[in-house]
Each structure stands twice: as structure tokens, then as C-alpha cells.
Amino acid sequence: MWFHYFEPSYLPLKFADFELLDWPVVADNVRVPRDFDDDRYLQLNPDVTFNPRRHFLHEGAAQGRPYK
């Protein structure tokens, strides 16, 4: 995007819910799998109380938690 000088100034939805953006994608060399489903992750890990993708990236992957 930076090659074409793309500079978003406004996103009409909440960033976490924006259908064209996937965040966070990488954290500490851990990637969110393409088949990651937020609702399924929360069902499998009922103790997770915040954003399931963030939890998976920062804690869940290292703990070996299931995501599917």
C-alpha cells in the first residue's frame, strides 16, 4: 500500500470488526491461522474474556490452546 501512497484517514467501522482488515496478523512470529474462528475459539476456551485473536497471538498459541 505504501508504494501507492495509500493513507487511510477514516474507517467507517470499528477496526476490529472491519471486514477488509485482519488484525492482528503477526505477533512475535505467531500467525493467526486463516481458518481461525473467533466464536469457536471462545467456545473452546471459555476463560478468555477479551479479543480472541489477540489472546491467541499473545498467550493462546504459546499455551497450545485449541482454536478449531
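Below, the figures for the structure above:
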| read-out | value |
| --- | --- |
| Residues that are loosely packed, with under 10 Cβ neighbours inside 10 Å and at pLDDT 65 or above, drawn from segment 24-38 | ASN29, ARG34, ASP35 |
| Segment 39-58, subset aromatic (Phe, Trp, Tyr) and either part of a helix (DSSP H, G or I) or in contact with a helix residue (DSSP H, G or I) (Cβ under 6 Å, 6 or more places away or on another chain) (or both), residue surrounded by the most Cβ atoms within 10 Å (Cβ to Cβ) | PHE56 |
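The values are calculated or read from the model by the stated rules, or taken from the named source; none is laboratory data. The shown structure was predicted, so the numbers you read here are calculated from the model rather than taken from an experiment. Glycine gets a Cβ as well: all are built from the backbone with ideal geometry, and neighbour counts include every protein chain shown.
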